[in-house]
1. Quick one: which of 36-44, 76-84 comes out on top by average Cβ neighbours within 10 Å, and what's the full order, highest first?
2. Go ahead and set up a Gaussian network model of the chain, Cα springs under 10 Å, then flag whichever of 65, 86, 99 fluctuates most.
3. Using only alpha carbon pairs under 8 Å that are at least six residues apart, calculate the relative contact order of the chain and give it in whole percent.
4. Within the chain, what percent of beta bridges assigned by DSSP are antiparallel, to the nearest 5?
5. Determine the calculated [θ] at 222 nm for the chain from helices alone, applying -39500 (n - 2.57) to every DSSP H run no shorter than 4 residues and normalising by the residue count; nearest 500 deg cm²/dmol.
6. Over region 61-124, what is the mean sequence separation of C-alpha contacts under 8 Å (at least six apart), divided by residue count, expressed as relative contact order in percent?
7. For the chain, just list the percent of Cα-Cα distances falling in each 5 Å bin from zero outward, please.
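Bear in mind these aren't lab numbers, they're just calculated from the coordinates by the rules spelled out. Small disclaimer: the values here were computed from a predicted structure and weren't measured. As a convention, Cβ positions derive from the backbone with ideal geometry for all residues, glycine included, and neighbour counts pool all protein chains shown.
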């Protein structure tokens, strides 16, 4: 990776910590070997993969020349249901955004996308199944550090739209 990718990661990391601190959220850090795959990093962190917040940037075309980007957050053991997202937004097409666009919107590299939408072009949508876990785990805009926080605090601070967008 070039230096171009390192600085946004630190910027997003700082934004996240500032947001959590400003909202009085109790959270804890979990340092681990660098890893971005949900199943592998869940094992490193020592929790059920269903308690991980898996985050993907999805492109939804809603007209011939209009697109929307969604930060879809689902349980770590689920997949994003692209058809459900397309229907939810009245789109004609949905698919995973290209790596460069996704990293630009997320402000961090693949595998470190936060379940918080800090970019104005991102619409944050979380699946209700994610909210069943009492605590959520996710990489903190870094491959080597994760955060654990209460699910209620996540919903209060991130304020995601809640809609069924996951498939087992």
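1. Order by mean packing, descending: 76-84, 36-44.
2. In this elastic network of the chain, the residue with the biggest mean-square fluctuation among 65, 86, 99 is 65.
3. 29
4. Working: 25 of 33 bridges.
So the antiparallel bridges in the chain amount to around 75 percent.
5. Rounded to the nearest 500, it is -9000 deg cm²/dmol.
6. Relative contact order here is 39 percent.
7. Result, from short to long distances: 2, 10, 19, 23, 22, 15, 8, 3, 1, 0 percent.
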